[in-house]
Amino acid sequence: MPELRNSQYRHLEVSRIAGSLGAEVEGVDLSRDLDDEVIGEIRQALLDNLVIFFRDQRLTPDRQLAFARRWGDIHLHPYMAGMDDYPEVLEIRKTPADKKNFGGSWHSDQMFTAKPAMGTMLYAKEVPSAGGDTLFTNQYLAYESLSEGMRAMLDPLKAVSRGDNFSSHDGKTRKEFYADKISMKVKDPGETQTTTTHPLIRTHPETGRRALYIGGHVHKLENMTEAESRPLIDFLMQHSTRPEFTCRFRWQSGSVAFWDNRCTQHFAINDYPAETRIMHRVTICGDTPF
Ligand SMILES: O=C(O)CCC(=O)C(=O)O
Ligand SMILES: [Fe+2]
């Protein structure tokens with residue numbers, strides 16, 4: 001990971017939280033209209049650290065959307081319904097009545113669409129007294145740490161991702177999976193494409209670095225059977241989530257995480273059965289992976 005020293009930032013203070021990815025960023029109030037120089041520094045911090053965190057923010061849905069729009073158009077989730085007043089903001093809510101959580105397996109957001117979300121911004125409204133942390137992993141390192149032979153074999157492959165009925169949901173559809181009282185509304189994806197083939201190794205359009213592009217939505221490899229694909233997918237999922245490639249973020253109310261789906265996976269830990277966790281999520285449109 002290229003090291004950017006704090007002296008290279010004029011507006012931000014950036015402190016890494018783990019060896020492979022993740023940094024806390026201080027010195028910015030995300031509810032304000034930020035000038036291009038500050039946005040440029042935040043972009044640099046994101047590209048260098050893959051996921052960045054801000055503490056003690058106060059964001060209304062309008063201000064969260066205003067900050068998100070500085071990065072691109074807002075991406076709408078094909079299956080999950082947004083807030084009544086703010087359809088572009090998805091409220092991720094888990095109460096003691098919910099057994100399942102949203103995002104509770106390793107994945108990269110909306111890999112099953114033709115143009116998956118470039119980035120995701122999550123703002124913590126209410127968090128458990130302990131638990132409900134989120135894990136992230138560095139998919140550049142996952143790729144670079146493979147043997148030359150393995151990389152050569154994977155380079156031309158493509159993976160098929162599905163938005164519904166995927167393996168981390170035990171083969172259930174979203175409606176079935178979320179049936180037991182999850183406080184989130186599942187909608188019909190309509191015309192949106194929800195099964196898509198993407199390169200297994202993708203090139204990040206801004207850094208030019210190659211990264212493994214895999215996650216829980218991957219169902220099989222193109223031109224192979226499910227049985228043939230499964231051992232390789234299982235290996236790559238296990239490899240890409242090795243502890244030394246990860247970081248773990250402990251939320252407080254007012255925390256914001258902003259991650260780059262083009263070079264990371266994440267996992268929301270479901271370890272707070274008796275407590276409530278409420279997050280506001282906005283995703284930003286991305287390009288066709290190549
Ligand atoms: O709630 C979380 O920590 C993350 C959930 C998730 O997967 C997402 O927002 O994309
Ligand atoms: Fe996610």
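The values are calculated or read from the model by the stated rules, or taken from the named source; none is laboratory data. The structure displayed is predicted, hence computed values, not measured ones. We place every Cβ from the backbone using ideal geometry, glycine too, and count neighbours over all the protein chains shown. In case anyone asks, the SASA skips ligands and DNA or RNA and just uses the protein heavy atoms, side chains included. Shrake-Rupley method; radii C 1.70, N 1.55, O 1.52, S 1.80 Å.
Only residues that are more than 10 Å from ligand 2 (Cβ to nearest atom) and among the small types (Gly, Ala, Ser) were counted in the range 255-269, giving 2. Within the range 235-245, is even one residue farther than 14 Å from residue 106 by Cα, at pLDDT 95 or above and surrounded by 15 or more Cβ atoms within 10 Å (Cβ to Cβ)? No, because not a single residue in the range 235-245 is farther than 14 Å from residue 106 by Cα, at pLDDT 95 or above and surrounded by 15 or more Cβ atoms within 10 Å (Cβ to Cβ). Taken across the range 20-35, residues that are within 13 Å of ligand 1 (Cβ to nearest atom), crowded, with 18+ Cβ neighbours inside 10 Å and either of a type in the set (D, E, K, R) or over 20 Å from the mean Cα position of the chain (by Cα) (or both) do not occur at all. Among the candidates 99, 125, the residue that is surrounded by 15 or more Cβ atoms within 10 Å (Cβ to Cβ), away from ligand 2 (no atom under 16 Å from the Cβ) and not in a helix (DSSP H, G or I) is uniquely 125. The residues listed here are 205, 199; of these, the one that is modelled with pLDDT of 85 or more, buried (at least 17 other Cβ atoms within 10 Å of the Cβ) and either of a type outside the set (D, E, K, R) or under 19 Å from residue 87 (Cα atoms) (or both) is 199. Annotation note: of 149, 132, the sole residue that is near ligand 1 (Cβ under 10 Å from one of its atoms), at pLDDT 95 or above and more than 15 Å from the chain's Cα centre (by Cα) is 132.
Can residue 158 be described as touching a strand residue (DSSP E or B) at 6+ places or on another chain (Cβ under 9 Å), open to solvent by 60 Å² or more (accessible area, probe 1.4 Å) and basic (Lys, Arg)? The answer is yes for residue 158.
Taking interchain pairs and intrachain pairs at least six residues apart, which have beta carbon atoms under 9 angstrom, with the first residue in the range 156-169 and within 21 Å of residue 288 (Cα to Cα) and the second assigned to a helix (DSSP H, G or I) and at pLDDT below 95? Final answer for the pair search is 163/174; 164/174; 164/175.
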